[in-house]
1. Which of the residues that make up segment 96-147 are more than 26 Å from GLY235 (Cβ to Cβ), crowded, with 22+ Cβ neighbours inside 10 Å and of a type in the set (A, V, I, L, M)?
2. Name the residues in segment 197-206 that are surrounded by 11 or more Cβ atoms within 10 Å (Cβ to Cβ) and part of a helix (DSSP H, G or I), would you?
3. For residues in segment 151-188 being small (Gly, Ala, Ser) and either assigned to a loop (DSSP other than H, G, I, E, B) or in contact with a strand residue (DSSP E or B) (Cβ under 6 Å, 6 or more places away or on another chain) (or both), which is surrounded by the most Cβ atoms within 10 Å (Cβ to Cβ)?
4. Do we find a residue being over 17 Å from CYS108 (Cβ atoms), β-branched (Val, Ile, Thr) and in contact with a helix residue (DSSP H, G or I) (Cβ under 7 Å, 6 or more places away or on another chain) anywhere in segment 175-196?
5. Confirm whether PRO227 is of a type outside the set (S, T, N, Q), under 19 Å from the mean Cα position of the chain (by Cα) and at pLDDT 95 or above.
6. Looking only at segment 244-263, how many residues end up being in a loop (DSSP other than H, G, I, E, B) and either farther than 17 Å from SER117 by Cα or hydroxyl-bearing (Ser, Thr, Tyr) (or both)?
7. Exactly one condition in (1) in contact with a helix residue (DSSP H, G or I) (Cβ under 9 Å, 6 or more places away or on another chain); (2) more than 24 Å from HIS253 (Cα to Cα) is not met by ALA121; state its number.
8. Residue under question is VAL195, and the condition is that it be aliphatic (A, V, I, L, M) and under 19 Å from the mean Cα position of the chain (by Cα); does it hold?
Amino acid sequence: MTSRTAQRRESARRAQQALTEAARDAAARRRRRHAGVVAIIAAFLVLASIIASGSGGRTATAADGARVAGVAYSDSLLAGIPQQGLVLGSAHAPVRIVEFADLQCPYCDEFATHTLSSLIAHYVRPGKVSFEFRNLSFIGPGSVRAGLAAAGAEQQNKLWNFLDLMYLNQGEENSGYVTNAYLHRLLASVPGLDVGRAERASNGPQAAAVLAAANAAATAAGIDGTPSFLVGHTGGALRVFQPDSLAAGPFAHEFDSLLDGPR
């Protein structure tokens, strides 16, 4: 077992444990323990899928020239969830969270591959929380190229599919793996995406404007690192959210507090 696989197993185990504890607390407050347990089991199954897909001895991904990893899993994770531009989830979700991330950032990768799937299963898919992605492409030229490709996918409401595949196939930052060929393979693995149209869009002014707007939003919010988050009620003011870890527990606690509190 590689050290990367071992780290992902341990991170997934910690995320599942934290989510279980947070969900149990929420279920007790709401007197809906049975429903909470069912949701926890569903989240656990999603995490088990991540662990299973990362095991078996094959660690090479598209960043190494191998086939694009995680295509079927990613499609299953996101299938049926509304996407509109930067946003994943229902427009009527009562809670909104904005993530600022760099597609080469290893900590953003940790959040995306170890934690986000359980939050999608437990909060986004049921329509409780919507996620918005803001791309801060500051690590290097590869970050900019990936960010522009993501913006191209966004114009077809396929941003989150591309993001998920990018993180599942992330290589070492600034190692030169983010080539046009690599990005083409990721885009071609997004179900229903018109790849040529996405690539043309990624070279247009609208894609560059998306990255500029993300940088401006981060500056306005005082954000200078990734991943960083803003959270609040949909339609209301958002505030900076600084979890004490990137495990699921702190996010679940914050979401439950907002869902239970006044709006």
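1. Within segment 96-147, LEU103, ALA112, ALA146 qualify.
2. Correct list: ARG197, ALA198, GLU199, ARG200, ALA201, SER202, GLN206.
3. GLY171
4. Yes, segment 175-196 contains a residue that is over 17 Å from CYS108 (Cβ atoms), β-branched (Val, Ile, Thr) and in contact with a helix residue (DSSP H, G or I) (Cβ under 7 Å, 6 or more places away or on another chain).
5. When the stated conditions are applied, PRO227 passes them.
6. 5
7. Of (1) in contact with a helix residue (DSSP H, G or I) (Cβ under 9 Å, 6 or more places away or on another chain); (2) more than 24 Å from HIS253 (Cα to Cα), only one is false for ALA121: (2).
8. When the stated conditions are applied, VAL195 does not pass them.
The values are calculated or read from the model by the stated rules, or taken from the named source; none is laboratory data. Keep in mind the model is a prediction, meaning the values are calculated, not measured. Glycine gets a Cβ as well: all are built from the backbone with ideal geometry, and neighbour counts include every protein chain shown.
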